[in-house]
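S.K.: Following this message is one structure expressed as structure tokens.
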Amino acid sequence: MCSRRPTAIVAAMLTNNVVTVRGLQKCYGRRKVVDGVDLDVLEGEVVGLIGANGAGKTTTVECIQGLRRPDAGMLRVLGLDPARDAERLRPLIGSQLQDSALPDRLRVAEAVELFSPRRTGDGEALLEQFGLGERRRSAFASLSGGERQRLFLVLALLGRPRLVILDELTQGLDPSVRRNVWAAVSQLRNEGTTVLLVTHELGDAEALCDRVVAMRAGRILDSGPPAELVDRHARRATIRFGLQDVAASDALLEELRDVAGVDLVERDGQRATVYGDRSAIAHVGAALVRNCSVPADLSVQIPTLEDALLDLLDGPEAPLPSDNHDQRLIGAMR
Amino acid sequence: MTTSFGRLLKVELKLMLRDPLVLTFVFVFPVLTMLIIGGSFGTKPQPSFANVNPAHWYVASYLTVVIAATGLVMLPVHLASYRERGVLRRFAAAGFPRWSFALAQLVVGLVAVATASTVELGVAAPVYGIPALHELWRVALGIGLGAVAFVSIGVLLGTLLPSARAAQAVGLLLFFPSFLLGAGGPPPDALPHAMRSIANLLPLSQVTAAIRDPWLGTGPGSASLIAVAILAAASTVLAARRARL
């Protein structure tokens, strides 16, 4: 289907890729929702697809699951074509879908039995793990939003799938349950399960993902480990404090301007603001200690993945990182 | 039953019995209306009832009401609701083959018809008695083909209509005229000419004639049986094409 970079495609298929996507395109009517996406997910990786609404994240994973047929491009999931080999592939994938439900009168235990591809007996353990042990006989309609999400996660993990796709995993969950879900995903990673996470919750992506892929308007803007994306795209770290010794303040601020990692020092009356990269936080702290002027009101704002994504979404479209990725794969072949 | 189809069928059968719409329309409504209208014209054979006992006329006619309730109300609402709420996407993502859900619905529909018909006859027996079967195989064929035709129509409507509310509205709009003119209302001979012509065009009237005439010995019902067979074949093909979902 796709004639782009054949060497790279072969290279990707020969490595331990669980998901290989090249040149994926999908239109709904005349609207192009996925526009030339290249994506690799390696075995055991937790990869997050992030981006605003309408970025094409869900459509991309629906094509990967074989729920939608792409208009163009090449897809391989666990060595199979999701469109052609859907029935062989789906038992190997655990899916937690966005905007889907179960029959209202289906009970929790019946749902587990229905969705268990094999009688592995892991359903009971998963229900207990996610706090649904007491709700076995409850109808789906009577579950709260959080309980429904947890049940969907249980169903996605039944039968120990090799690839788990989680779309808006923690939507509607309270903080304690969210931590529980995070622990479950970490456990999956430790067991070597590959996880593809689609999320608006950038806290999830930052906490769980080895690599995130930022999308906008159906295209990939950038990808990499969360910390790398933050370094590349987030605003600077910001350090704020009050100036205690007014006489010595000018000298202190002058010294801070020369500290490693500091980009800018601003003074607003008795308040100082220092901007720089993450390393500047430590260097500024050390300088304050050296000058015996550690302020009581010191505050530090560390850039987050959310800052990076906002910068990416606001900025001009970045070059596709997949070119670099293909070069790496070709290099690995040599 | 450990295959995906077997697990799906088992769950769908359980859910059918928990659905108030199914219990009301498929199990209670036909029995209740059969009891009321079956007792309205006495038990003495009358010309407008092809010279048979009117109560027996309605007992033989009301199996078709069960078939219509299943095909025009129960299945379209059930299927459209699943599509609207993303239940079918979840089944598909979990590896249930595309054909398995449609086949499960076909079987569930046929089980509903069989069970509700048994209930109806069970209630009718001590009240009005069960009329003697004149041509068993023709009646069985009429029930079987009629059930397949209307269950397929139900699957077809469920895959075409955009929401459960739309399915309920359209389903009831199709059900009540079919019920009144084609099965449970006044006998055709009591209808004005124009209305009788309309009634004859309704698929449910053909199913009713294919079952009732050979049951009561008022005719072979061959033309109606052929029409029902054609309807069953056409609706099954169309439903199978649409149910690739």
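S.K.: Does at least one position in segment B:60-71 carry a residue that is more than 18 Å from B:Ala164 (Cβ to Cβ), in contact with a strand residue (DSSP E or B) (Cβ under 9 Å, 6 or more places away or on another chain) and either away from chain A (no Cβ under 12 Å) or touching a residue at least 24 places away in the same chain (Cβ under 8 Å) (or both)? Please lay out each step first, then the result.
M.R.: Kept after step one, since they are more than 18 Å from B:Ala164 (Cβ to Cβ), are these residues of segment B:60-71: B:60-68.
Next, only the ones that are in contact with a strand residue (DSSP E or B) (Cβ under 9 Å, 6 or more places away or on another chain) stay: B:60.
Those still in the list that are either away from chain A (no Cβ under 12 Å) or touching a residue at least 24 places away in the same chain (Cβ under 8 Å) (or both) too: B:60.
Looking through segment B:60-71, at least one residue is more than 18 Å from B:Ala164 (Cβ to Cβ), in contact with a strand residue (DSSP E or B) (Cβ under 9 Å, 6 or more places away or on another chain) and either away from chain A (no Cβ under 12 Å) or touching a residue at least 24 places away in the same chain (Cβ under 8 Å) (or both).
S.K.: So, B:Ala149, is that one buried (at least 24 other Cβ atoms within 10 Å of the Cβ) and assigned to a helix (DSSP H, G or I) or not?
M.R.: yes
S.K.: Would you confirm whether or not segment A:197-208 contains a residue that is outside any helix (DSSP H, G or I) and farther than 23 Å from A:Asp35 by Cα?
M.R.: Step one: of segment A:197-208, the residues outside any helix (DSSP H, G or I) are A:197-201.
This time we only want the ones that are farther than 23 Å from A:Asp35 by Cα, so: A:201.
Yes.
S.K.: Any idea which residue in segment B:83-98 is nearest to the other protein chains (Cβ to nearest Cβ), counting only those that are touching a helix residue (DSSP H, G or I) at 6+ places or on another chain (Cβ under 8 Å) and surrounded by fewer than 18 Cβ atoms within 10 Å (Cβ to Cβ)?
M.R.: Per the criteria, the residue is B:Pro97.
S.K.: While we're on this one: Inside segment A:76-107, can you point out the residues that are under 21 Å from the mean Cα position of the chain (by Cα), away from every other protein chain (no Cβ under 12 Å) and surrounded by fewer than 24 Cβ atoms within 10 Å (Cβ to Cβ)?
M.R.: Hits for segment A:76-107 are A:Arg76, A:Leu78.
S.K.: Identify, by number, the condition in (1) β-branched (Val, Ile, Thr); (2) more than 16 Å from the chain's Cα centre (by Cα); (3) within 23 Å of B:Arg241 (Cβ to Cβ) that B:Ile67 doesn't meet.
M.R.: Status for B:Ile67: all satisfied but (2).
S.K.: Restricted to segment B:26-59, and to residues that are part of a helix (DSSP H, G or I) and among the hydroxyl-bearing types (Ser, Thr, Tyr), which residue is surrounded by the fewest Cβ atoms within 10 Å (Cβ to Cβ)?
M.R.: It comes out as B:Ser48.
S.K.: Against the definition (touching a helix residue (DSSP H, G or I) at 6+ places or on another chain (Cβ under 8 Å), touching a residue at least 12 places away in the same chain (Cβ under 8 Å), in a strand (DSSP E or B) and within 14 Å of chain B (Cβ to nearest Cβ)), how does A:Gly48 come out, yes or no?
M.R.: It is false that A:Gly48 is touching a helix residue (DSSP H, G or I) at 6+ places or on another chain (Cβ under 8 Å), touching a residue at least 12 places away in the same chain (Cβ under 8 Å), in a strand (DSSP E or B) and within 14 Å of chain B (Cβ to nearest Cβ).
S.K.: Given (1) within 28 Å of A:Val18 (Cβ to Cβ); (2) hydrophobic (A, V, I, L, M, F, W, C); (3) touching a residue at least 40 places away in the same chain (Cβ under 8 Å); (4) more than 9 Å from chain B (Cβ to nearest Cβ), identify the lone condition not met by A:Ala125.
M.R.: Status for A:Ala125: all satisfied but (3).
S.K.: Within segment A:168-184, track down each residue that is surrounded by 24 or more Cβ atoms within 10 Å (Cβ to Cβ) and touching a residue at least 60 places away in the same chain (Cβ under 8 Å).
M.R.: A:Leu169
S.K.: Small (Gly, Ala, Ser) and out of contact with any Ser or Thr (no Cβ under 7 Å at 6 or more places or on another chain), is that true of A:Gly261?
M.R.: When the stated conditions are applied, A:Gly261 does not pass them.
S.K.: Another question, then. Could you please let me know if A:Thr60 is at pLDDT 90 or above, under 30 Å from A:Leu309 (Cβ atoms), assigned to a helix (DSSP H, G or I) and more than 14 Å from chain B (Cβ to nearest Cβ)?
M.R.: Details: at pLDDT 90 or above: yes; under 30 Å from A:Leu309 (Cβ atoms): yes; assigned to a helix (DSSP H, G or I): yes; more than 14 Å from chain B (Cβ to nearest Cβ): yes.
Considered against the rule, which asks whether it is at pLDDT 90 or above, under 30 Å from A:Leu309 (Cβ atoms), assigned to a helix (DSSP H, G or I) and more than 14 Å from chain B (Cβ to nearest Cβ), A:Thr60 comes out as yes.
S.K.: Name the one entry in A:Glu110, A:Glu62 that is under 16 Å from A:Glu147 (Cβ atoms), free of Cβ contacts under 8 Å to residues at least 12 places away in the same chain and either surrounded by 20 or more Cβ atoms within 10 Å (Cβ to Cβ) or among the basic types (Lys, Arg) (or both).
M.R.: Result of the check over A:Glu110, A:Glu62: A:Glu110.
S.K.: Please verify whether segment A:134-149 includes one or more residues that are surrounded by 18 or more Cβ atoms within 10 Å (Cβ to Cβ) and within 30 Å of A:Asp38 (Cα to Cα).
M.R.: yes
S.K.: When only residues in segment A:117-129 that are buried (at least 20 other Cβ atoms within 10 Å of the Cβ) and out of contact with any Gly (no Cβ under 8 Å at 6 or more places or on another chain) count, which is nearest to A:Asp204 (Cα to Cα)?
M.R.: A:Leu126
S.K.: Just checking, which of B:Pro177, B:Pro162, B:Pro188 is free of Cβ contacts under 8 Å to residues at least 40 places away in the same chain and either loosely packed, with under 15 Cβ neighbours inside 10 Å or closer than 30 Å to B:Phe101 by Cβ (or both)?
M.R.: Only one candidate passes the filter, namely B:Pro177.
S.K.: Looking at segment A:134-159 only, could you name the residues that are at pLDDT below 90 and more than 14 Å from chain B (Cβ to nearest Cβ)?
M.R.: Within segment A:134-159, A:Ser144, A:Gly145, A:Gly146, A:Glu147, A:Arg150 meet the criteria.
S.K.: Write out, first by first residue and then by second, each pair whose Cβ atoms fall under 7 Å of each other, whose residues are 6+ apart or on separate chains, and whose first residue, in segment A:252-278, is in contact (Cβ under 8 Å) with a residue 12 or more places away in the chain and more than 17 Å from A:Ser293 (Cα to Cα) while the second is in a helix (DSSP H, G or I) and among the β-branched types (Val, Ile, Thr).
M.R.: Hits for this filter: A:Val262/A:Val284.
S.K.: Can we say A:Arg162 is at pLDDT below 85, surrounded by fewer than 20 Cβ atoms within 10 Å (Cβ to Cβ) and closer than 18 Å to B:Ala92 by Cα?
M.R.: no
S.K.: Being outside any helix (DSSP H, G or I) and either farther than 30 Å from A:Leu312 by Cα or at pLDDT below 90 (or both) is the filter here, so list the residues in segment A:224-237 that pass it.
M.R.: A:Ala234, A:Arg235, A:Arg236, A:Ala237
S.K.: Here's something else I'd like to know. What number of residues within segment B:107-133 are hydrophobic (A, V, I, L, M, F, W, C) and either outside any helix (DSSP H, G or I) or touching a strand residue (DSSP E or B) at 6+ places or on another chain (Cβ under 8 Å) (or both)?
M.R.: Residues in segment B:107-133 being hydrophobic (A, V, I, L, M, F, W, C) and either outside any helix (DSSP H, G or I) or touching a strand residue (DSSP E or B) at 6+ places or on another chain (Cβ under 8 Å) (or both): 3 in total.
S.K.: Identify the residue in segment A:72-100 that is free of Cβ contacts under 8 Å to residues at least 40 places away in the same chain and hydrophobic (A, V, I, L, M, F, W, C) and, among all such residues, is nearest to A:Arg162 (Cα to Cα).
M.R.: A:Leu89
The values are calculated or read from the model by the stated rules, or taken from the named source; none is laboratory data. Fair warning: this is a prediction, and the values are worked out from it, not measured in the lab. Here Cβ is always computed from backbone atoms with ideal geometry, including for glycine, and neighbour counts include all displayed protein chains.
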